Amino acid sequence: MKNNIVVFGAGGHAKAVIDTVERHGQYRIAGLLDSYKAAGTDVYGYRILGSEQYLADHREEIDGVIVAIGDNWARAGIVARITSHCPDIPFVTAVHPGAWIARGAVLGQGTVLMAGAVVNSDTVIGEHCVLYPNASVDHDSRTGDYVTLAPGATTGGNVTIGDFSVLSLGANAIHSVRIGEHTVIGAGATVLSDIGGYAVAYGTPAVVVRSRAAGERYL
């Protein structure tokens, strides 16, 4: 029997996560949670059951949860709220069957790998990260928690990406560079040298164009 899980989120990103969970085949989605859409609404054939309070009220029926919110900071806030309501609930990891996880690679809890994503040898992906379709992190790299690689974003080997940072559509980072926390690398950029934290960087080579506050929206 498959474990029953709930997906927190009911927007566009949640649809992609639902598809990944369905194709992963390890879990049964019992329903969705959302703080803004009314209970009883259907999304992709799944009923919205309520908000995070639903977990506390039905803990014995739910084996895990995955947070399907695209924005890193917002995703972290939902994880914190769920944990406060239901401290013992596990966060599950979803891997599309078309993704590739190499020998020695490690995925943190709550992380999602979509179709075509690659995590290469001995790379460690943190908790509650998202690798969108065809994103790739090469060997011996490290990401923090709540990191996003958008579709087509890639890194070389031995790259480090800090907590809450984003490689946007088609962005690339060459081997051995470091990207700080809360940093956004713009679409199509190429990171050729280290980029510090709390920054927005664009271009080829990528250069910092302005500072960025923790929690500032990028979607």
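The values are calculated or read from the model by the stated rules, or taken from the named source; none is laboratory data. None of these values were measured; they are calculated from a predicted model. Cβ: placed from backbone, ideal geometry, glycine included. Neighbour counts: every protein chain shown.
Could you check how many residues of the range 181-193 are more than 22 Å from H128 (Cα to Cα) and part of a loop (DSSP other than H, G, I, E, B)?
4
Looking only at the range 173-187, residues that are buried (at least 16 other Cβ atoms within 10 Å of the Cβ) and closer than 18 Å to Y218 by Cα come to 8 in all. Within the range 38-76, the set of residues being among the small types (G, A, S), buried (at least 18 other Cβ atoms within 10 Å of the Cβ) and part of a loop (DSSP other than H, G, I, E, B) comprises S51, A68, G70. Pairing each residue of the range 77-100 that is assigned by TED's automatic domain parsing to the domain that holds A117 and part of a strand (DSSP E or B) with any residue that is among the polar types (S, T, N, Q) and exposed (fewer than 14 other Cβ atoms within 10 Å of the Cβ), provided the two are 6+ apart or on different chains, yields no C-beta distance under 6 Å.
The condition of being over 21 Å from N134 (Cα atoms) and touching a residue at least 12 places away in the same chain (Cβ under 8 Å) holds for only one of V21, V43, V17, that being V43. Quickly run through the range 121-180 and pick out the residues that are within 16 Å of the chain's Cα centre (by Cα), of a type outside the set (S, T, N, Q) and either assigned by TED's automatic domain parsing to the domain that holds A14 or outside any loop (DSSP other than H, G, I, E, B) (or both). Scanning the range 121-180 gives V124, I125, V130, L131, V137, R142, L149, I161, V166, L167.
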